[in-house]
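What follows is a short report on a single structure.
The values are calculated or read from the model by the stated rules, or taken from the named source; none is laboratory data. Bear in mind the structure is a predicted one, so any value in this text is a computation, not a measurement. Every residue, glycine as well, gets a Cβ built from its backbone with ideal geometry; the counts of neighbours run over all protein chains shown.
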Amino acid sequence: MTDPAWIDAALTAARPQALAALLRYFRDLDTAEEAFQEACLRALQAWPRNGPPRDPRAWLILVGRNAALDGVRRRARQDPLPPEETLSDTGDAEAPLAEMLDQTHYRDDVLRLLFMCCHPDLPATQQIALALRIVSGLSVTQIARAFLVGEAAMEQRITRAKARVARGNLGFETPGAVERSERLAAVAAMIYLLFNEGYSAGDGSARTELCGEAIRLARLLLRLFQAEPEVMGLTALMLLQHSRAAARFDAAGEIVLLEDQDRACWDHKLIAEGLALIDKAMRHRQPGPYQIQAAIAALHARAARPADTDWAGIDLLYAALEQLQPSPVVTLNRAVAVAKVRGTEAALAMIEPLAPRLSGYFHFFGVRGAFLLQLGRKEAARVAFDQAIALANTPAEAAHIRRHLDRLMRDAAAAPG
Amino acid sequence: MQYAILCYHDEDVVWSWTKEQDQAVMGRLAIVQDRLTKAGRLGPSLRLLPTTAATTLRKTQDPPLVIDGPFAETKEQLLGFYVVDVANLEEALDIARELAAANPGGAYELRPVAVYFPDRRGTAG
């Protein structure tokens, strides 16, 4: 039970809560991080020898706090605290602290730590990089690899982001209800950004690991805020999207559309968890954007075959999302459902007015091209696909559209006279 | 005589396992399970999804109260469990309410199942 892999997993799992508690004690991120680091080093020495503690989080907080205080006192030339062995080996020393760290403290601590990373002055990618470094404890090397940038550049980016966050005036008192829900919303948005950073990458790249990390943070948040329907919705949405990871790309790394995916490759454990969460959320009757998007993903997940998909239900859910969060992208997505329910002509009419606002959006031209093709307007379809390729964000997206174009060209060549 | 073996662990750790780590553990367990299956001694077994997916029906009051999250009290003990086949959480709650009416007091925790292996005792050659 004390092999290095287990200790590593336990330290990773304990990190957000332990670091967040240390941040509350010291009110300084660098000190808290150093204290946690020191506690981890001592854990690597003590745990193989003494066996794992009953509550690894409480152990790390206690040892980290003492180590940091010890350092402060040494610097102040005062008497050092007793060595950490005398604290950690007395088994029960953790118990009172574990009781002290009840759930209510933990939740605001962890929320504060996550919220720190959502500083409004920081661009989205820096918020994510900071969260990966501070909350998840990923190394700069791992983060740089995930973002496809050099290590030095990432190091610099994180250092700057940290400095900016440290200057910010973050309240350490227990937040009120309104402030807490504002923090939750900001943190949820950051976690979803993190997920999308991984989701938009092709299969097999280092970035796809970010999806798993986003889900881990969402589960953590949900354990702390058990009755928040939007946190349930966000977690469900990511689980359901991630359940299709193995089916979204073919062997050549090209995109496989939802209706062409091999549904046997979907991860049914993730689907079951996502469906349970969206069922839980809907009992609250407080719909929100994450819940609606998760409900849409759930209707796809529940269909054993593409033909079984409840497109009318999806159309209704998108209509609700349009009401709640009007956006041309939502309307574009809705049009795909409308095409199935009311026909391609109606769907095309629905997206034409979006053209001025989506003139730089890859998916707009992809969807438009597909609609035009279905209506037999091949030349107009070819133009749309050409525009899509010019706007593709990844090689996989471009390759996907190119296949449509190749088919069009073949058809044109085969056509008589 | 039959024994139920209940599995406890830190779910933060277990659900953070990489696919490879998870498969390695499952592979080691499968060796033990295969041996038990061959000996005709393994009844149904299952793996539960995380407690974040749980809903609890508190049946100390009438009508019983639905709470998000797992059963968290420590003064009650685990006395038994059911596995039910349902389309969604509402159906599972309906069954739990029926059971609650027959046996008030305490609570039921409803937790979705990740993997279910049926009774393998009849399969031994």
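Would you point out which residue out of A:TRP47, A:TRP59, A:TRP6 is among the aromatic types (Phe, Trp, Tyr) and within 12 Å of another protein chain (Cβ to nearest Cβ)?
Every option except A:TRP6 fails the conditions.
Out of all the residues in segment A:29-50, which are free of Cβ contacts under 8 Å to residues at least 40 places away in the same chain and within 15 Å of A:VAL165 (Cβ to Cβ)?
Within segment A:29-50, A:THR31, A:ALA32 meet the criteria.
Here is a check on your reading of the model: is A:ILE271 over 18 Å from B:GLY69 (Cα atoms), crowded, with 19+ Cβ neighbours inside 10 Å, within 13 Å of chain B (Cβ to nearest Cβ) and of a type outside the set (Lys, Arg)?
Yes: the conditions hold for A:ILE271.
Confirm whether B:ASP62 is of a type outside the set (Lys, Arg) and free of Cβ contacts under 8 Å to residues at least 12 places away in the same chain.
Criteria not met by B:ASP62.
Assuming A:ALA245 fulfils every condition listed in (1) among the small types (Gly, Ala, Ser); (2) surrounded by 22 or more Cβ atoms within 10 Å (Cβ to Cβ); (3) under 18 Å from the mean Cα position of the chain (by Cα) apart from one, which condition is it?
Every condition holds for A:ALA245 apart from (2).
Select, from B:LEU46, B:LEU65, B:LEU6, B:LEU36, the only residue that is within 18 Å of the chain's Cα centre (by Cα) and either at the interface with another protein chain (Cβ under 9 Å from one of its Cβ atoms) or surrounded by 12 or more Cβ atoms within 10 Å (Cβ to Cβ) (or both).
None of the other options fit; the residue is B:LEU46.
What are the residues in segment A:160-197 that are assigned to a helix (DSSP H, G or I), exposed (fewer than 12 other Cβ atoms within 10 Å of the Cβ) and not basic (Lys, Arg), if any?
Listed by number, the residues that qualify are A:ALA163, A:ALA177, A:VAL178.
Among what's in segment B:78-89 and is more than 13 Å from every other protein chain (Cβ to nearest Cβ) and closer than 15 Å to B:PRO44 by Cβ, pick the residue that is surrounded by the fewest Cβ atoms within 10 Å (Cβ to Cβ).
Here the answer is B:GLY80.
Every residue in segment B:90-125 that is within 13 Å of chain A (Cβ to nearest Cβ), within 30 Å of B:ALA30 (Cα to Cα) and either out of contact with any helix residue (DSSP H, G or I) (no Cβ under 8 Å at 6 or more places or on another chain) or aliphatic (A, V, I, L, M) (or both), please.
If the condition is that a residue be within 13 Å of chain A (Cβ to nearest Cβ), within 30 Å of B:ALA30 (Cα to Cα) and either out of contact with any helix residue (DSSP H, G or I) (no Cβ under 8 Å at 6 or more places or on another chain) or aliphatic (A, V, I, L, M) (or both), then B:ALA92, B:GLU109, B:LEU110, B:VAL113, B:ALA114, B:VAL115, B:TYR116 are the ones that fit.
Does segment A:10-25 hold any residues that are surrounded by fewer than 20 Cβ atoms within 10 Å (Cβ to Cβ) and either within 12 Å of chain B (Cβ to nearest Cβ) or outside any helix (DSSP H, G or I) (or both), and which are they?
A:THR12
Residue-by-condition table, conditions (1) over 17 Å from A:HIS105 (Cβ atoms); (2) among the hydroxyl-bearing types (Ser, Thr, Tyr); (3) out of contact with any strand residue (DSSP E or B) (no Cβ under 8 Å at 6 or more places or on another chain); (4) crowded, with 18+ Cβ neighbours inside 10 Å:
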| residue | (1), (2), (3), (4) |
| --- | --- |
| A:ARG27 | no, no, yes, no |
| A:GLU38 | yes, no, yes, yes |
| A:PRO52 | yes, no, yes, no |
| A:TRP59 | no, no, yes, yes |
| A:ASN66 | yes, no, yes, yes |
| A:GLY71 | yes, no, yes, no |
| A:ARG74 | yes, no, yes, no |
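Looking at this structure, is A:LEU316 buried (at least 16 other Cβ atoms within 10 Å of the Cβ) and touching a Ser or Thr at 6+ places or on another chain (Cβ under 9 Å)?
No, not satisfied.
Say whether the condition of being modelled with pLDDT under 95 and in a strand (DSSP E or B) is met by at least one residue in segment A:256-264.
Checking segment A:256-264: not a single residue is modelled with pLDDT under 95 and in a strand (DSSP E or B).
Evaluate the following for A:GLU230: is it within 13 Å of chain B (Cβ to nearest Cβ), among the charged types (D, E, K, R) and within 15 Å of the chain's Cα centre (by Cα)?
Yes; evaluated as a whole, the condition is true for this residue.
Of all the helices (runs of 4 or more DSSP H) wholly in segment A:360-417, which have at least 2 residues that are in contact (Cβ under 8 Å) with a residue 40 or more places away in the chain and buried (at least 19 other Cβ atoms within 10 Å of the Cβ)?
Output list reads A:395-414.
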